Amino acid sequence: MSPHISRKARITGTTLAAAGALVAAAVTAGTAGASPTGPHTTSAAAASPIQMTASHRAELLRDASAAKAQAAKELGLGAQEKLVVKDVVKDADGTTHTRYDRTFAGLPVLGGDLIVHRAKGGAVKSTTKANSAKIAVASTTPKIAPKAAAQAAQGTAKSFGAKQAAAVTPKKVVWAASGKPVLAYDTVVGGFQKDGTPNQLHVITDADTGKKIFQYQGIENGAGTSAYSGSVEIGSKKGGSGYELTDDARGGHSTFNLSGSESGEGKLFTNKDDKWGNGKADDPETAAVDAAYGAQLTWDYYKNVHGRSGIKGDGKGATSRVHYGQNYSNAFWDDSCFCMTYGDGEGNKKPLTSIDVAAHEMSHGVTSATANLTYSGESGGLNEATSDIFGTAVEFFAKNKEDAGDYLIGEKIDIAGDGKPLRYMDKPSKDGQSLDSWSEDAGNVDVHYSSGIANHFFYLLSEGSGAKEIGGVKYDSPTADGKKVEGIGRDKAEKIWFKALTTYMTSNTDYKGAREATVKAATDLYGADGAEVKGVEAAWTGVAVK
């Protein structure tokens with residue numbers, strides 16, 4: 001076949017994946033500002049996002065950028081505030097949801113993001129803000145030097161075990177994610193975390209007092225199930241001297257071999273015969289097969305189920321890097337390279353390249369491109385849960401006979417040597433660390449364990465409470481108040497979570513804000529008095545979020 005034409009290559013992929021969760025101290029994020037309830041419709045089709053071509057989306061973004069000054073005026077923003085268009089979602093009924101970041105006197109406003117919901121004719125229906133406080137600071141001249149902020153940030157990173165921690169020059173920002181907006185420094189500390197994951201720790205420091213306000217990790221780790229995918233088809237193309245593992249049908253997604261390195265892009269996988277992998281971890285191509293297969297399934301899921309073409313909705317594919325480091329039992333998403341990266345697990349024998357892991361990591365990218373939930377505190381738990389939720393959704397969507405969809409995460413890994421799953425969505429606490437329900441301390445729990453609250457919500461919303469068997473797997477889901485919850489079905493639950501994420505959640509949405517966002521999404525999709533809204537409310541109550 002001619003170059004640049006996507007191919008379907010027959011692959012034998014049999015890869016085990018291990019998963020490891022980053023353990024780091026979490027800091028409570030600010031509470032998301034409430035917003036008026038969005039438009040009510042009785043048709044799910046009318047409120048569902050349409051599938052846009054890259055050119056259509058680009059046109060909407062251009063239109064929004066051209067009108068951003070008028071939008072700022074309509075919203076009553078101050079003279080020093082400017083809007084920066086980030087994303088646009090359009091519903092079938094013509095409603096648009098335009099997501100903006102904000103600046104003040106030219107400085108980025110962290111926690112200043114907002115969404116404007118407009119009717120087909122252009123009238124503003126409602127606005128969702130990360131923080132409803134007035135964005136203003138008395139002065140943009142800091143009282144402490146950048147060097148002092150950098151040194152403090154390095155100290156914070158080292159206290160969590162970061163290695164080779166080097167801070168980049170602090171950037172002046174306005175911190176508005178919680179409380180009264182203040183002038184601050186955002187310092188990014190590099191190096192590596194304890195387990196070898198790259199470090200991108202953001203430390204927010206008050207620029208007048210030098211006091212640390214907040215911290216969050218820029219590298220988003222993921223954990224997923226072990227996959228035995230059997231013979232699969234993945235996209236490749238003919239190159240100059242053989243075949244390349246590049247899928248032009250899905251935005252040019254390419255898979256690279258890091259060969260044990262912890263930096264760089266790696267080398268694009270190529271071969272002579274377009275037959276990849278042998279199903280065993282000792283062949284470097286096998287991990288590439290699973291990574292590419294998981295990426296294509298995730299692309300197809302978002303496009304076919306939610307009408308989103310690619311992670312950013314712009315039709316462009318990400319990249320996958322496999323064989324990161326040595327004995328690295330983790331995987332992560334990195335916005336800076338727009339890529340997923342996978343380790344090979346203990347003994348370099350269990351690559352983390354399963355369907356769930358790929359979907360989990362790509363979903364971190366979707367979250368970053370939309371709500372951008374801060375990776376710390378309750379918003380961090382929601383960020384992780386979003387990746388778990390869509391990782392599970394993609395596993396069901398795949399309908400792979402070798403790895404059927406379920407609500408267990410890591411069920412084939414046996415990472416602890418006891419034959420038990422890594423996570424349980426029906427009762428998260430069965431793993432010994434995750435939270436079944438919300439408490440006031442939820443924001444201080446590692447995001448991989450506070451995510452249990454939303455994972456449990458999603459299971460209850462999909463399947464309901466109590467004992468049952470689904471696809472040969474037995475579940476028994478409790479509720480915080482002991483009351484029975486009736487599920488509305490996973491298909492509806494997925495659509496509600498996606499609409500809430502892309503339309504109503506903001507960077508510092510907490511669990512209470514997530515309840516509000518999903519109720520609005522269910523109302524838009526299925527009507528205010530439907531079983532779906534009642535199901536959302538009951539499921540959140542079932543995990544003590546009221």
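Can you give the charge dipole size of the chain about its Cα centre, rounded to the nearest 20 debye, using +1 on the beta carbon of Lys and Arg and -1 on the beta carbon of Asp and Glu?
Dipole size: approximately 1480 debye.
Given the Cα-Cα distance of Lys401 and Ala92 and 0.36 nm per residue of separation, how much length would full extension add, in nm?
Taking Lys401 through Ala92 to full extension adds about 107.8 nm, to one decimal.
Calculate for the chain the 222 nm mean residue ellipticity that helices alone would give, adding -39,500 (n - 2.57) per DSSP H run of length 4 or more and normalising by residue count, nearest 500 deg cm²/dmol.
Only helices count here, giving -9000 deg cm²/dmol.
Within the accessible area of the range 321-432, what % is carbon and sulfur when the probe is 1.4 Å and the other protein chains stay in place?
Numbers: 1420 of 3070 Å².
Using a 1.4 Å probe with all protein chains present, the range 321-432 comes out at 46 percent carbon and sulfur.
Tell me which GluC sites (Glu not before Pro) from the range 375-406 have a DSSP coil assignment and no more than 15 other beta carbons within 10 Å of their own.
Glu402
How do the peptides 248-259, 314-325 rank, highest first, by the average count of neighbouring beta carbon atoms within 10 Å per residue?
Numbers: 248-259: 20.9, 314-325: 22.6.
Put in order of decreasing packing, that is 314-325, 248-259.
Can you compute the equivalent ellipsoid semi-axes for the chain, i.e. the square root of 5 times each eigenvalue of the Cα gyration tensor, sorted largest first and rounded to whole Å?
Semi-axes (√(5λ), whole Å): 34, 28, 25.
For the range 94-152, what is the relative contact order in percent, using Cα pairs closer than 8 Å and at least 6 residues apart in sequence?
27 percent
Among Val445, Val473, Pro428, which residue has its Cα furthest toward the positive end of the charge dipole of the range 421-482, with +1 on Lys/Arg Cβ and -1 on Asp/Glu Cβ?
Value computed over the given set: Val473.
Rolling a 1.4 Å sphere over the protein heavy atoms, what is the accessible area per residue of the range 456-546, to the nearest Å²?
34 Å²
For Lys316 and Asp282, compute 0.36 nm times the residue count separating them, minus their Cα-Cα distance, and round to one decimal in nm.
Contour length minus Cα-Cα distance gives 9.1 nm.
Which FRET efficiency value, to the nearest 0.05, is calculated for Lys420 and Thr169 with the Förster distance at 51 angstrom and r the Cβ-Cβ distance?
For R0 = 51 Å, the calculated efficiency reads 0.65.
Is the C-alpha gyration tensor of the range 286-374 telling us rounded, prolate or oblate? Criteria: a/c under 1.5 is rounded; beyond that, a/b larger than b/c is prolate, otherwise oblate. Don't skip to the answer; put the middle values down first.
Details: a/c = 2.42, a/b = 1.68, b/c = 1.44.
Because a/c hits 1.5 or more and a/b exceeds b/c, the range 286-374 counts as prolate.
Just report the Cα centroid separation between the range 130-199 and the range 333-408, whole Å.
27 Å
Tell me the per residue accessible area of the range 243-338 using a 1.4 Å probe; a whole number in Å² is fine.
Using a 1.4 Å probe on heavy atoms only, each residue of the range 243-338 averages 36 Å².
Give, in nm to one decimal, the length gained when the segment between Gln80 and Ile470 is fully stretched (0.36 nm per residue of separation minus the Cα-Cα distance). Walk me through the numbers on the way to the answer.
Values: separation 390, 0.36 × 390 = 140.40 nm, distance 5.54 nm.
Full extension of this stretch gives 134.9 nm more.
Taking the simple approach of a point 7 Å from Cα along Cα-to-Cβ for both Lys158 and Glu262, what is their distance in nm?
According to this spin-label approximation, the distance is 1.7 nm.
Order these peptides, 270-280, 516-526, by their mean beta-carbon neighbour count within 10 angstrom, highest first.
Ranked by mean Cβ neighbours within 10 Å, highest first: 516-526, 270-280.
What is the distance, in nm, between label points placed 7 Å from the Cα along the Cα-to-Cβ direction at Cys337 and at Asp208?
Label-label distance for Cys337 and Asp208, simple model: 4.1 nm.
Take the alpha carbon atoms of the range 456-525, find their center, do the same for the range 68-101, and report the distance between the two centers in whole angstrom.
Spelled out, the Cα-based centre of one part sits 29 Å from the other.
Where both partners of a DSSP beta bridge lie in the range 229-339, what percent of those bridges are antiparallel, to the nearest 5?
Percentage antiparallel, nearest 5: 65.
Distance check, please: which entries in Lys238/Lys275; Lys238/Lys303; Lys238/Lys349 exceed 20 angstrom between their Cα atoms?
On the way: Lys238/Lys275 12 Å; Lys238/Lys303 25 Å; Lys238/Lys349 30 Å.
Where the Cα-Cα span goes over 20 Å, the pairs concerned are Lys238/Lys303; Lys238/Lys349.
The values are calculated or read from the model by the stated rules, or taken from the named source; none is laboratory data. Note that the structure is predicted; figures quoted are calculated from it, not measured. Note that each Cβ is placed from the backbone with ideal geometry, even for glycine, and that neighbours are counted across all protein chains shown. The accessibility values were calculated without ligands, DNA or RNA, using every heavy atom of the protein model including side chains. Shrake-Rupley method; radii C 1.70, N 1.55, O 1.52, S 1.80 Å.
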